[in-house]
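Taking it in order: structure first as structure tokens, then the write-up.
Here, each number is a calculation from the coordinates, and none is a lab measurement. Treat the numbers as computed from the prediction; the structure is a model and nothing was measured. Note that we place each Cβ from the backbone using ideal geometry, even for glycine, and neighbour counts take in every protein chain shown.
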Amino acid sequence: MRGPAYHSSRRAEFKRQGLCVRCGKSSCRQGKTDCKDCHQRERRLVEGREANGLCVRCGKDAQPGRRKCAACLEYYRQRYHSACERNGKSSSRRVPRGPQESVR
Ligand SMILES: [Zn+2]
Ligand SMILES: [Zn+2]
């Protein structure tokens, strides 16, 4: 039985069962939502994009000297900006690294 909601709830179901939300096969790593294989594949993809000067998030042309494109930089900046405001920290401070497993 595969109703219309099958695909939309698939990730949530995998997560609930402790399975990788990407492939649904292997069990995910502790505290993560994807398995080691998917993590390594993603890592290789990101490294390949980085090496080619592409946005590590979406694969479009990255901004010079950056790892992300303008759209993704803006996306992360807004996320960090709101997070920083909530923590009462200065938003001008550069956040060292993006959340690696934040792709939902
Ligand atoms: Zn997987
Ligand atoms: Zn991008």
Taking 0.36 nm per residue of separation between residue 9 and residue 32 and subtracting their Cα-Cα distance, the length gained on full extension comes to 6.5 nm
Sequence ranges 69-75, 12-18, ranked by mean other-Cβ count within 10 angstrom, highest first: 69-75, 12-18
